[in-house]
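Written out below as structure tokens is the structure these notes cover.
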Amino acid sequence: MAEHPKKSRTLTRIGQAVLSALPATLFYVGLLVVWDIASRAGKVERYILPGPSMIGRSIKKNWDLLLHNSWVTGRALVLGFLLGSLIGFVCALGIYYSKILRKILYPAAVFLQTVPKVALAPVFIIWFGTGQKSIIAITALICLFPVLVNTLVGFEGVDQNLLEMMHSVSASSPQRFYYILVPYALPSIVAGLEVGSSLAAVGAIVGEFIAAREGLGFEIQMASSRIATEEVFAVLLAVSILGMAFYYFVRLIGRLLLGNRQTAEGAQASA
Amino acid sequence: MSATRMKRHQLLAMVGFTLTAALAVVGCSSGSKGSSDSSASSDGELVTVTLRHSWVPDQITLPFAAAKVEGFYEEEGIRLIDQAGNGGAVGVQLVAAGEVNFATGEASHVISARSRGINVISVMQEYENQPGAVITMEDSGLDTWESLIGKSVGGTAASSGHVGFEAALELQGISKDAVTFVNMSPGAQFAAMSSGEIDAALTFLGNLAGIPELNGHVNIMTFADAGYLAPSTCLFADEKWVSENEDLVKRFVRASIKGIKFTVENPRQAAEDMASITGGVTADNLEATWLLDQQFIATDFTATNGLGYHPADQWTFLKDALLSNGEIEEDTDASKAWTNKYIDQVFEESPDVKTYTDPTK
């Protein structure tokens, strides 16, 4: 008898979840249907914006190629993000602890962030070669800045009283770093990693525009030149899925790291 | 307000929002074909015509800029509004959508477009032959096509240079798989070759003039020398628009051919003309790049048939090359991708436009 109210509550929750997802689902399905009808009726130029069914056919036709290139780009994306995040974290640490490093590293990081990466193509090729190293380096460069800035903001936001208290009980520098600095800056660091992960796909694609033999960026160039717009959109969809999957993966890791604590974003929202 | 009424309002708002978004997508993507923007518009006595160049201002733009400064378009009652481009493929999309009247780009883009049902047509040839070449460092010992076997070559994937290179290899009896092709942005291949990252680079010959460190210090193997005689940059427009604006097309072609003739005969003056209206270029560089490319514009074929004339056999040859390397999937009638109709009319009405003197020969 006690099962009934529980089952009923579960069903209600499922029903509410379905209802809450309904408007967004209806919106996107409606959009796709109208778009496809317009495309088939010739109201949308298919060489500018092909219909969803046309893009779907292209995905089916190029499935193996898309899968292979997604793997190639995905690998560069992950490695570039890890490298960029590591460098960003280490630089933030250096800037936090050293006034000299702050004067050296911070302007350089801002400079690198504002320079269009494509313009650096020859430099990257000479330094890292024409293989994946260049692509990973460009991805790392794009991911580095948000991680650096957010980590630094996190470090600088740590309550000085806590650090002084640790100092007064003769805690060593690594102890202060491990028990105070990192835990208290973690929401900000995670926020930086999330921003960095959302940019990683852009970095990998830009890298593949500069020098590549395969990958989704390479495929976009090939398809664009052939005016195969439906193929370009199929690849763009793959890029988006890859980028979103990676972003949500990093976000999930961030949530696990934070446990019950809020991210900086959440903390700001609640404030 | 009751909950049911609220939900009804929400539903209506949802439907309205979806329809608005869908219409926005359709509206933004359908181009403006047939609207006043796409048609050449008349302002006073001059008719405004829009032209999108294949790339940023360079030697390919030179005859059009010279024609503008020398007043050839105005003589034809045309006010030319031109804009820099970023590749012929985009030009194809823009003329087909009616966003611009004419565009310049590779003949391969016109054929690719037609094979995909986008009916654009070339009305004038600028580069009769592809000025593409593969270059290697002077001391590399790579100075024959055979010597490229097993080597790496950098260029932009699926570009006309890439197509020409693979076709030239085939003409030399070398499989394209015997060479490692490395895709890279146009500005990167020279640096990569100089640093030894790649063994050879693809380029348009004229571009060498802009790199004094390389010009004169590299081995050059042109695609034309390898037997690849394919048409290159041409002036194209939407086929339907052309058929509806025949007199205007003829006048535009006449002014443009006059521009090519003027540039062939007076490269220095043409370069100064262009430099006077274009930022970021110098007359010296424009003249030097043009002179390297001129052999591909004023050819034996044009000496007989006139500047701008389409070489029929070479268009078919190019289509076969595109088909053979998979750039186009379906066979298409190459002869429908171009027309000499307007050039014939121009030469009939103005015989002096057909003949020219080439000071480099």
Let me have the relative contact order for chain B, percent, based on Cα pairs under 8 Å that are six or more residues apart. 24 percent
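If each DSSP helix of 4+ residues adds -39,500 (n - 2.57) and the sum is divided by the residues in the protein assembly as shown, what number results at 222 nm, nearest 500 deg cm²/dmol?
That comes out to -19000 deg cm²/dmol.
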Taking only the C-alpha atoms, wrap a convex hull around the range B:96-180 and report its volume per residue in Å³ as a whole number. 129 Å³
Under the 0.36 nm per residue contour assumption, what length would be gained going from the current alpha-carbon distance of B:Gln172 and B:Lys361 to full extension? 65.2 nm
Relative contact order (%) - the range B:249-361, alpha-carbon pairs under 8 angstrom, separation at least six: 37 percent
Over what distance in Å are the Cα centres of the range A:1-43 and the range B:184-229 separated? 57 Å
Around A:Ser53 (Cβ within 15 Å, Cβ-to-Cβ, excluding A:Ser53; K/R +1, D/E -1) the net charge comes to +3
Listed pairs A:Lys43/B:Lys68; A:Lys133/B:Lys176; A:Lys60/B:Lys176; A:Lys60/B:Lys319; A:Lys61/A:Lys117; A:Lys60/B:Lys240 exceeding 30 Å between Cα atoms: A:Lys43/B:Lys68; A:Lys61/A:Lys117; A:Lys60/B:Lys240
Given that compact globular proteins tend to follow 2.2 N^0.38 Å, what is the ratio of the alpha-carbon Rg of the protein assembly as shown to that value? 1.16
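What does the highest-first list of B:258-264, B:280-286, B:332-338 look like by mean Cβ count within 10 Å?
Packing proxy ranking, top to bottom: B:258-264, B:332-338, B:280-286.
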Formal net charge of residues neighbouring A:Arg176 (Cβ-Cβ distance under 15 Å; K, R +1; D, E -1): -3
At each listed q (0.11, 0.21 Å⁻¹), what is the log10 of I(q)/I(0) that the Debye formula gives for the range B:132-222 modelled as equal alpha-carbon point scatterers? -0.25, -0.98
Given labels modelled 7 Å from the Cα in the Cβ direction, how far is it in nm from A:Leu19 to B:Lys151? 7.2 nm
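Just the C-alpha atoms of the range A:146-271: what Rg/Rh do they give, with Rh taken as the Kirkwood radius?
The Rg/Rh ratio comes out at 1.19.
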Per residue of B:182-195, count partner chain C-beta atoms within 10 Å of its C-beta, then hand back the mean as an integer. 6
For the pair B:Lys336/A:Phe27, report the inter-label distance in nm, with labels modelled 7 Å from Cα in the Cβ direction. 4.4 nm
Ranking request for peptides A:185-195, B:95-105: highest mean number of other beta-carbon atoms within 10 Å first, then the rest in descending order. B:95-105, A:185-195
Sites B:Asp352 and A:Ile253, calculated FRET efficiency, Cβ-Cβ separation with R0 56 Å, nearest 0.05: 0.15
The range A:60-270 - Rg (one decimal) and Dmax (whole number), Cα, Å: 19.6, 69
I need the calculated FRET efficiency for the pair B:Glu329 and A:Lys60, taking r as the beta carbon distance and R₀ as 22 Å, to the nearest 0.05. 0.90
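Pull up the DSSP beta bridges for the range B:132-222 and report the antiparallel fraction as a percent, rounded to 5.
Working: 10 of 16 bridges.
Taking every DSSP beta bridge with both residues in the range B:132-222, the antiparallel ones total about 60 percent.
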Could you tell me the convex hull volume per residue, in Å³, taken over the Cα atoms of chain B? 191 Å³
Over the range A:1-151, what is the relative contact order in percent, taking alpha-carbon pairs closer than 8 angstrom and at least six residues apart? 26 percent
For the range B:78-84, in order, what is each residue's ³J(HN,Hα) by Karplus, 6.51 cos²θ - 1.76 cosθ + 1.60 with θ = phi - 60°, in whole Hz (x at glycine and Pro)? 10, 9, 8, 10, 10, 9, 5
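Quick note: the coordinates plus some simple rules give every number you see, no bench work behind them. Predicted model, so just to flag it, every value in this text is computed and none were measured. For neighbour counting, all protein chains shown are included, and Cβ atoms are generated from backbone atoms with ideal geometry for every residue, glycine included.
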